[in-house]
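In what follows, a single structure is set out as structure tokens and then discussed.
The values are calculated or read from the model by the stated rules, or taken from the named source; none is laboratory data. Here the structure is a predicted model, which means the values were calculated and not measured. Here Cβ is always computed from backbone atoms with ideal geometry, including for glycine, and neighbour counts include all displayed protein chains.
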Amino acid sequence: MILDMQDISKAFGSVQALKGVSLHVGQGEVHGILGENGAGKTTLMNILAGTFPPDSGHIFLNGEEVSNMTPMKAMNLKIRFIHQELNLCNDLKVYENMFLGEELTKKKFIVDKKTQIQRAQAVLDSMKAPIDANANVDGLETAQKQLVEIARALLFQSELIIMDEPTTALNNQEIENLFSIMRELKGQGVSFIYISHKMPELFAICDKYTVLRDGEFIETGRFRDIDVHRATELLIGKVHIDRNIKEGQPSFVEDSVVMAVKGLRGQAFHDVTFDLYKNEILFITGLQGSGTNELAMALFGASPLTAGEIMLHGQALHGRTIKQFMRNGVGMVPRNRKERGILPDLSIRDNTSLAYFTVKHKKLFISDKEESERFERNKLKMDIRSGSQSNPITSLSGGNQQKVIIGKWLEIDADVYIMDNPTQGIDVGTKFAIYELIDDMAKSGKSIIVFSNEYPEIHQIADRCLIMYKGRISGILNRTELSEVKVMEYSTGSIQGEST
Ligand SMILES: Nc1ncnc2c1ncn2[C@@H]1O[C@H](COP(=O)(O)OP(=O)(O)OP(=O)(O)O)[C@@H](O)[C@H]1O
Ligand SMILES: [Mg+2]
């Protein structure tokens, strides 16, 4: 399919999300769209997929203009959209989700369950995704849900597949599997639009790029003609200076333990023992299945322990509720925003205040003025791009929702922060600002545990990095000992035993 979008504009109230944007995608091409949070990427795709109409502009498919695009029309034109935020019905089974609205029938009226299950399973198998087509969706991990979203798009023969940050919950192997399917389909002439904030992915899979900035078209070209540095400059619109926030030695004091974790055992981890010091930024990393996800929850009192202790300032915390963890000065930025982070029915402002209400709010009534000031303060600090603060949080772009969530937790002024993949969906420029923010928090006396699988991020600000393998700590590296190769070796179990 050859796609031409010309001069597309779209406003949401006072926010001009797109200003005369054009996009050209050729047949069998993977086209990357680059842009900061709120640049208009998802909005442009929503217009292409008929979610809502543009205010002005034209869409041509294979040279013919398509007007009044609707989701149904887009589907019939063999356009598929994998959404940035998961879009599955938790009450349905995997295969039912995949065929939703396009059920196969036999004898006209009867749903052909058997064929649906077979076809759904065949696609999942081709993706090497270990998911049962007949399983219930609500029991799946987020990564598996993301794979089901992708499988749904691959179910029917399509000509253009839009992927809006498809890999945020996936591990490297799953991403590689996805890329090999994309390459195969590309060979058959399928075109892709690929949106991601992860530069290595864009450079690995995309042929061409289009850059959007503040709703405007900036440039289009071939990835082979630019490097990561140039791509970053194009999207942030200014010279980007790569620098390390933290240099040299770790900056915490070894004798001031804030949190002590001893012999912790839970659902997918055991014998986890470590100290967290005042002013420390401790990273915890590990491959999918290494127990890091479960450990993150346990450190916040959000999943049960079968053995061990979590001590905060010398006081045992385990067996307590999340609320008690919060009252004792622990804050958490959870992973997977849509499922764990936001309350979609509430406004941007209320979402910002939620954690504060739980532990800090002492008055009988809620003051609109205070809430409003709280949001404005965060908007400035976190550079949140939003329309009115009374709009629902879902009106924000993905990355801006993430900034609200981080801001919300900073409001409780905890001593210890557990941040699980805090830069998910955050653009490259802003990521840097978030690293600086975390570094400043540590300097001001807080202790932070960051769960992350991105080495560049670990390298930027970690004082120490703890690596998990098969549910145990396989190594702890000091800042001065850190290297990507070493982290990889401990993560894959090729080096065993702890180092300090
Ligand atoms: N339904 C809506 N109501 C109000 N404003 C909206 C709505 N959808 C998008 N916007 C605004 O339009 C702008 C562009 O948002 P969009 O979601 O397209 O950004 P994006 O480039 O996808 O960003 P991200 O990388 O963070 O996902 C943002 O300022 C956003 O707040
Ligand atoms: Mg988006």
- Message: Can you find a residue that is within 16 Å of ligand 2 (Cβ to nearest atom), aromatic (F, W, Y) and either over 20 Å from L86 (Cα atoms) or in the same structural domain as I226 (by TED's automatic domain parsing) (or both) anywhere in region 190-202?
- Response: yes
- In region 207-233, which residues are part of a helix (DSSP H, G or I), in contact (Cβ under 8 Å) with a residue 60 or more places away in the chain and not hydroxyl-bearing (S, T, Y)? F223, A231
- Task: Return only the number of the condition from (1) touching a strand residue (DSSP E or B) at 6+ places or on another chain (Cβ under 6 Å); (2) modelled with pLDDT of 95 or more; (3) crowded, with 21+ Cβ neighbours inside 10 Å that G286 does not satisfy.
- Result: (2)
- Of all residues making up region 37-63, the number that are within 12 Å of ligand 1 (Cβ to nearest atom) and over 29 Å from the mean Cα position of the chain (by Cα): 0
- Message: Would you confirm whether or not region 486-499 contains a residue that is of a type in the set (S, T, N, Q), assigned to a helix (DSSP H, G or I) and more than 16 Å from ligand 1 (Cβ to nearest atom)?
- Response: yes
- Do we have I473 as crowded, with 20+ Cβ neighbours inside 10 Å, touching a residue at least 24 places away in the same chain (Cβ under 8 Å) and either within 16 Å of ligand 2 (Cβ to nearest atom) or outside any strand (DSSP E or B) (or both) here? no
- Query: Taking into account only those residues within region 452-463 that are of a type outside the set (S, T, N, Q) and either buried (at least 24 other Cβ atoms within 10 Å of the Cβ) or assigned to a loop (DSSP other than H, G, I, E, B) (or both), which is modelled with the lowest pLDDT?
  - Reply: E454
- Task: Note down all Cβ pairs under 8 Å where the first residue falls in region 347-362 and is at negative phi, the second is modelled with pLDDT under 70, and they're at least six residues apart or on different chains.
- Result: N351/I342; S353/I366; F357/I366
- Which of (1) in a loop (DSSP other than H, G, I, E, B); (2) more than 9 Å from ligand 1 (Cβ to nearest atom); (3) over 20 Å from E457 (Cα atoms) does Q424 not meet, given it meets every other one? (3)
- Note on the structure: Log entry, pairs with first residue in region 24-52 being at positive phi, second being away from ligand 1 (no atom under 15 Å from the Cβ), beta carbons closer than 6 Å, six or more apart or on different chains, reads G28/K186; G28/G189; G50/M69; G50/T70; G50/P71; G50/K73; G50/A74
- Scanning region 188-206 residue by residue, those part of a loop (DSSP other than H, G, I, E, B) and either surrounded by 21 or more Cβ atoms within 10 Å (Cβ to Cβ) or at pLDDT 95 or above (or both) turn out to be V190, S196, H197, C206
- Task: Return yes when V66 is of a type outside the set (S, T, N, Q), more than 24 Å from M199 (Cβ to Cβ) and within 8 Å of ligand 1 (Cβ to nearest atom) and no when it is not.
- Result: no
- Task: Evaluate region 390-398: report whether one residue or more is assigned to a helix (DSSP H, G or I), aliphatic (A, V, I, L, M) and either away from ligand 2 (no atom under 16 Å from the Cβ) or assigned by TED's automatic domain parsing to the domain that holds H459 (or both).
- Result: yes
- Message: If I ask for residues that are small (G, A, S) and either at positive phi or within 16 Å of ligand 1 (Cβ to nearest atom) (or both), which ones from region 180-201 would you list?
- Response: G189, S196
- Considering only region 368-414, state which residues are more than 16 Å from ligand 1 (Cβ to nearest atom) and in contact with a strand residue (DSSP E or B) (Cβ under 6 Å, 6 or more places away or on another chain). W409, I412, A414
- Note on the structure: From the option list L88, L34, single residue qualifying as out of contact with any His (no Cβ under 7 Å at 6 or more places or on another chain) and within 16 Å of ligand 1 (Cβ to nearest atom) is L34
- Candidates L34, L48 - the one that is within 16 Å of ligand 2 (Cβ to nearest atom), at pLDDT 90 or above, touching a Phe, Trp or Tyr at 6+ places or on another chain (Cβ under 7 Å) and within 30 Å of E233 (Cβ to Cβ): L34
- Task: Count, please, the residues in region 102-138 that happen to be within 29 Å of the chain's Cα centre (by Cα) and free of Cβ contacts under 8 Å to residues at least 24 places away in the same chain.
- Result: 3
- Query: Can K360 be described as at pLDDT 90 or above and basic (K, R)?
  - Reply: no
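For (1) touching a Pro at 6+ places or on another chain (Cβ under 7 Å); (2) at pLDDT 85 or above, each residue gets a yes or a no:
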position	(1), (2)
D383	no, no
P422	no, yes
I426	no, yes
I438	no, yes
V450	yes, yes
